[in-house]
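For reference, the structure is listed below as structure tokens.
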Amino acid sequence: MSSASNMAGNGTSEMKLEIIVVPVSDVDRAKAFYGGLGWRLDADYSSGGN
């Protein structure tokens, strides 16, 4: 059996989480928490003028 047919038949695939939006009440505390988990901040956008 070839490796290509082996991979096609096992029913698994690699998946990655690219983007997640997490609403928070304290942005600085949330950044510190998720940064401590090893998450990378790629962009930081404000949703309003307040």
| Contour minus Cα-Cα distance for V21 and Y45 (0.36 nm per residue) | 7.6 nm
| field | Per-residue HN-Hα couplings for the stretch 37-43 [Karplus 6.51, -1.76, 1.60; θ = phi - 60°; Hz; x = Gly/Pro] | value | 7, x, 6, 9, 8, 8, 8
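We did not get these values from a lab; they are worked out from the coordinates using the rules stated. Everything numeric in this text was worked out from a predicted model, so none of it was measured.
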